[in-house]
Amino acid sequence: MKNVERAPSLVDTVITALRQEIATGTWQLGDKIPSESRLAETLGVSRLSVREAVRVLVHSGLLMTRQGNGTFVTATDEAEVALRRQLDRAAAQDIIDVRRGLDIVAARLAATRRTADDLQQMRKALDDRADASRNADVDAFADADVDFHLRIAEASHNPVLQNLYRGMSDALRDSVKADQCMKHTLSGDDTSHEDLHRAVEDGDAGAAAAVAVAILDQQETGSDAPAGRPRPGRPSSGRGTAE
């Protein structure tokens with residue numbers, strides 16, 4: 001005897017419809033969604049069904065209700081929200097351990113797959129990072145630093161890796177603020193991010209991976225010694241060409 005399949009409830013149907021509006025981009029990140037009464041009229045359901053569906057999506061992190069102001073789209077991917085919540089509870093060392101695997105793969109792939117536009121976006125992030133350092137703007141520095149690493153992931157042209165990195169962006173930003181990275185950048189004794197950009201630009205996958213690891217080593221130990229590109233003569237492998 002087969003299990004009897006349960007027909008989706010009205011609330012489930014509304015949840016699916018609202019998710020679809022977000023997934024297709026009809027409702028963009030930050031947009032205010034239509035009112036409860038408007039949605040009920042559009043979907044042909046009761047306001048109670050809409051209210052319950054919105055409550056579910058607020059709990060999942062896709063929507064946020066502001067008292068007296070309406071409901072807004074705060075995320076477009078529930079899996080990404082779940083990852084961010086997990087990272088919020090994770091220890092700093094656990095995040096670094098995960099980044100070791102991601103950063104090595106991202107650096108290697110970026111060195112072999114980056115485009116001229118990828119390099120330009122990385123350059124802009126590095127320039128913004130340097131400007132923020134000179135202005136002693138910790139928040140802007142953290143944003144630009146995270147943007148640079150996101151650009152490395154984007155240059156991998158691997159959508160899974162890109163999404164994982166986007167999901168970690170808040171945790172990365174917090175770790176940059178807690179690190180001494182801005183101080184080293186301002187003093188000029190930390191060239192690691194410039195070295196990583198140069199290795200990717202050169203198509204040197206081995207050097208790119210080595211610098212990525214060195215950056216994390218510095219962060220993990222909390223050392224005042226800045227990270228940097230391996231000295232000339234250090235063996236590297238996996239040199240690639242740009243597409």
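May I ask for the Rg/Rh ratio of region 1-81, computed from Cα atoms with Rh as the Kirkwood radius, given to two decimals? Numbers along the way, then the final one.
On the way: Rg = 13.5 Å, Rh = 13.2 Å.
So for region 1-81, dividing Rg by the Kirkwood Rh gives 1.02.
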Placed amide H near D204: partners under 5 Å, 5+ positions off or other chain: G240
statement: Ranked output for segments 53-63, 33-43, 142-152 by mean other Cβ atoms within 10 Å, highest leading, reads 142-152, 53-63, 33-43
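May I ask for the net charge around N163, where only other residues with Cβ less than 10 Å from the Cβ of N163 are counted and Lys, Arg are +1 while Asp, Glu are -1? Mind dumping the intermediate values first?
Details: positive: R166; negative: D77, E80.
Combined, the nearby Lys, Arg, Asp and Glu give -1.
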query: If amide H atoms are built 1.01 Å from N in the plane of the peptide, which residues on other chains or at least 5 residues away come under 5 Å of the amide H of T74?
result: G30, L63, M64
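We did not get these values from a lab; they are worked out from the coordinates using the rules stated. Worth saying up front: this structure is predicted, and the values here are computed from it rather than measured. Methodologically, a virtual Cβ is constructed for each residue, glycine included, from the backbone with ideal geometry; neighbour enumeration extends over all protein chains shown.
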